[in-house]
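See structure below.
No lab work stands behind these numbers, since they all come straight from the coordinates. Source: prediction; values computed, not measured. FYI the Cβ positions are ideal-geometry reconstructions off the backbone, even for glycines, and counts take in every protein chain you see.
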Amino acid sequence: MSTGKSSTPLGKVRGLGAAGEGGEHWLHERFTSVALVFLSLWLVISLIMLPDLSQRTLVEFLARPLGAVPMALFVITAFAHGLDGLKVVVDDYVHHEGNRVAIHFILTMAAIGGAALALFALAQIAFGA
């Protein structure tokens, strides 16, 4: 398709749009944002309702399913949302394709590693290891 001279604004940008790409990514960011709002509210309200914030109280809270499961969802959602946001920044500012792929790989591995470490620590607390 030619992107040559055109007399209308639509003609000037025809063929240069997203072509359907990015819609799924945009929705994923919005869904994780909404989920994080609810999970953050749950976390703040749960912490306020605890008698104190000692390590023992927090361990007892996270050892119960009503503490561990939402916290695991919070960790997974937070790392996924953060990874999406960082990838958008890289896509906007890193213009060399090889560098962009390498940075995406590093960010993905860091997010997976961080989430795995947090979930492992949560599992140790929840299962009393």
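With N the number of residues in the stretch 12-126, Rg(Cα) / (2.2 N^0.38 Å) evaluates to 1.38. Taking the Cα centre of the stretch 48-129 as reference, the dipole from Cβ charges on Lys and Arg (+1) and Asp and Glu (-1) amounts to some 220 debye.
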